[in-house]
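Following: one structure in structure tokens, then a few remarks.
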Amino acid sequence: MRRITLLALSLASLPATAAPITFNTALPVTCGEAILRARFIRHELSAPDREVTVSTLALAGGFGLSGDLALFAALPLLDKRLTAAESAIRRRARGAGDLSLFLRYTALQRDAPGRTLRIAPFAGLIAPTGRDDARDELGRLPRPLQTGSGAWGALAGFVLTRQTLRWQFDGQLGATAYGRDEGYAPGNAFALDLSGQYRIWPRRLSGGVPGFVYAVLESRLEDLRADRIGGAATGSGGSQWFLAPGLQYVSRRWVVEGAVQWPLVQNLPAGALQDDVIARLSLRTNF
Amino acid sequence: MNRVWPYIGLLLATLATDAMADQRFGLAVDGLACPFCAYGLEKRLGDIPGVTGVAIELEAGRAIVTTADDRPLTEATARAAVRDAGFTLRGFASLP
């Protein structure tokens, strides 16, 4: 279930423009410009003996420090609910998750009329601001159900963006690594994200800055290492491949977008929670 | 002669008004390919002292910048602002 926290983190990353719905882009955040994003995410998982629903309000902000360098912050607000199938036991945790802060730098930029190619590495920290000691009447909640990991972490990777007036392609390779907290060590994670966006409206451009509607298709391949308790691996982790079709409306000042993420391949330990579906609705604005 | 003076005055006033008219500059900007990006460029150009208006033409990849007469825009200033916005200035011209 730590996949939920990791997914919430990656989903809280902040694309700067008409860009992937589920991960970063290399497009610029103007020096002195700020961008805010709010995403509502509904994540449903199940196993033979239990079901989990995670509702997340993922808040993210970005600020342009220069034409090449931008600072981002992301904080998920989580509501996790666990229902055990046979006993009908219900457990719940709510609150802010872990805060992530990262810098993104445009290392390569090739601009031409109406198009651009950029590559931008990014790196940052994950602070254990979420609770890892929440309790209910049954005692302390299991670690995966907590809103926070309890451990400091680091994230790094790079993103490539190729954009024209008609379409856009983004690719991101990223990794997340955690330290330990009271003998508990969240497993490291690696992910490859790909996104294609195609302008379906307007079919022809006129003067000024019209709004665009994009059809979007995204792919995510992730590998999560098992969490460890006292050095011993738990029955968590695994590899998954997701596909997410979506739609996006982009104007000068705001973006509205939605996507549904389906797991096509799940290679998980026996008895682990499997992803059923992840639905996402997002609003972005700049100022 | 008294009938001529008003017309002379009107002519002088017209010439003076033309001399105080805003100036317009056309900037060719590379890398600009979506509406949300355009606002960042518009904002950065609008922050230049003396700029009274900015109009972005997305398909043409162009920004039309209007400045007060006593604050003309220089190519160096325009290039720096476009770079701060995250794009590349390809051309700069004073417009009639």
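The values are calculated or read from the model by the stated rules, or taken from the named source; none is laboratory data. Computed from a predicted structure; not experimentally measured. Cβ atoms come from the backbone with ideal geometry, glycine included; neighbour counts cover every protein chain shown. When the accessible area is computed, the model is the full protein with side chains, heavy atoms only, and any ligands, DNA or RNA have been set aside. Shrake-Rupley method; radii C 1.70, N 1.55, O 1.52, S 1.80 Å.
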Computed over region A:119-205, the relative contact order (Cα-Cα under 8 Å, seq sep at least six) in percent reads 25
Over chain A, with neighbouring protein chains present, the accessible area per residue in Å² at probe 1.4 Å is 41
Can you show me the helix-derived [θ] at 222 nm for chain B, built from DSSP H runs with n ≥ 4 at -39,500 (n - 2.57) apiece and divided by the number of residues, rounded to the nearest 500.
-12500 deg cm²/dmol
So how tilted is helix A:2-12 from the main axis of chain A? Cα-based, degrees 0 to 90, rounded to 10.
20
Give me the percent of accessible area attributable to carbon and sulfur for region A:93-248, probe 1.4 angstrom.
62
Skip the ligands, DNA and RNA, and give the accessible area per residue of chain B with a 1.4 Å probe, whole Å².
53
Give, to the nearest whole percent, the P(r) tail of region A:110-258 beyond 26 angstrom, counting all Cα pairs.
45
What is the Cα centroid distance between region A:178-234 and region B:17-96, reported in whole angstrom?
35
How many angstrom lie between the Cα centre of region A:118-177 and the Cα centre of region A:22-39?
16
What longest region of chain A stays clear of GluC sites (Glu not before Pro) that DSSP places outside H, G, I, E and B and that have at most 14 other Cβ atoms within 10 Å?
A:183-287
